[in-house]
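What follows is one structure encoded as structure tokens, with my remarks underneath.
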Amino acid sequence: MRFTPSEEQSQLAATVHELLADADVAAAIRSWGTGEPAGGLDVLARLAKVGVAGLAVPERFGGAGAGPVELVLVFEELGRHAVPGPLVESFAVVPALLADLPDASRWLPALADGELATVAMPPHVPYALDADIATPFVVVDGTVHTGVSGRRLGSVDGARRLFEVSAGEELGVAGSGFDLGVLCCTAQLVGLGRGLLEQASAYVRQRRQFGRPVGEFQAVKHHLASVHVGLELARPLVHGAAVTMAARDVSAARVAAADAAYRAARAALQVHGAIGFTQEYDLGLWLTKVRALRSAWGTQSWHRDRVLSLLSSR
């Protein structure tokens, strides 16, 4: 089993990171949450130009035909920068759901070019993200349908714009997309944890107390080191799950990554102090996204039960 990315895969992740580092993603997140998605759509369009939108789209429809390993590397960077939008759905799950349909050419070439799609897959994904600006789909009893968007619902993360959707035209048997969605969400969580650790580390180097940067205090070092260890232990599980795509591995990686990201969020908030609670400070955009994704694509308890069930059935 290969865990080390190839040079080409590493370059892909680096390209995504550099693109997002040069973009004002924090401003895009805030405007996305207020119903003004222009800034976020510009970021997503730039990602589409470097091939991210078409990674999971088969080559016969104009995509790259990439696999879960490449998606994990990209989604970790998307999480690291907390990019808003239906990323898991549009860049990974919907292409997998539609790829084997007789009329897949109705949608997949457009997705490869950067058009957005979203999906609801009850019971674990009951609502669709951004169904007012992305083409919605619904999976019911293993069958994929076009979706009809309904009312918008609230979320702890203002940039996660959830919509009720109902099933429309039946399109056919859905491809396997749920575990791919879990995996990409898991990679986002690892990336979010990395982003939070980077922000916390930068802050403790500049914040001073008793005439010294607080990052020099042993307790702070140990606190952030524990976060780093948790993320580094979770990452190989995510990469391993991308290789095997076994349900047990995907759920185990999800549990570890969500716990590590949540630990990173708590530590980042603690070292920032009161400023971390303010809406004006960017840290909160990462904190709320961790909180929201921790229960997206299946809860922690459901994934733990799934791992136990699969282990017990061997």
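If the condition is being over 16 Å from the mean Cα position of the chain (by Cα) and more than 17 Å from L171 (Cβ to Cβ), then segment 128-148 contributes D132, I133.
Taking the conditions exactly as written (out of contact with any Asp or Glu (no Cβ under 6 Å at 6 or more places or on another chain) and closer than 30 Å to V57 by Cβ), does F163 satisfy them or not? Against the criterion (out of contact with any Asp or Glu (no Cβ under 6 Å at 6 or more places or on another chain) and closer than 30 Å to V57 by Cβ), F163 qualifies. Inspection of segment 214-230 finds no residue satisfying the criterion of being open to solvent by 40 Å² or more (accessible area, probe 1.4 Å), in contact with a His (Cβ under 9 Å, 6 or more places away or on another chain) and over 24 Å from A28 (Cα atoms). Taking A28 as the residue in question, decide whether it is under 24 Å from Y281 (Cβ atoms), under 18 Å from the mean Cα position of the chain (by Cα) and buried (at least 16 other Cβ atoms within 10 Å of the Cβ). So A28 fits the description; yes. Scanning segment 100-109 for residues that are crowded, with 17+ Cβ neighbours inside 10 Å and either outside any helix (DSSP H, G or I) or modelled with pLDDT of 95 or more (or both) gives L101, W107, L108. Taking the criterion of being aromatic (F, W, Y) and either touching a His at 6+ places or on another chain (Cβ under 6 Å) or under 21 Å from V16 (Cβ atoms) (or both), the only residue of segment 81-134 that qualifies is F91. The criterion of at least 3 residues that are open to solvent by 70 Å² or more (accessible area, probe 1.4 Å), on the phi < 0 side of the Ramachandran plot and free of Cβ contacts under 8 Å to residues at least 60 places away in the same chain is met by the following helices (runs of 4 or more DSSP H) wholly inside segment 232-314: 247-272, 300-312. When every residue of segment 89-99 is checked against the conditions, at least one turns out to be open to solvent by less than 10 Å² (accessible area, probe 1.4 Å), assigned to a helix (DSSP H, G or I), at pLDDT 95 or above and small (G, A, S).
The values are calculated or read from the model by the stated rules, or taken from the named source; none is laboratory data. Nothing here was measured: the structure is a model prediction, and the numbers come from that model. Positions of Cβ are generated from backbone atoms using ideal geometry, with glycine treated the same way; all protein chains shown enter the neighbour counts. These area figures cover heavy atoms from the full protein model, side chains too; ligands, DNA and RNA do not enter into them. Shrake-Rupley method; radii C 1.70, N 1.55, O 1.52, S 1.80 Å.
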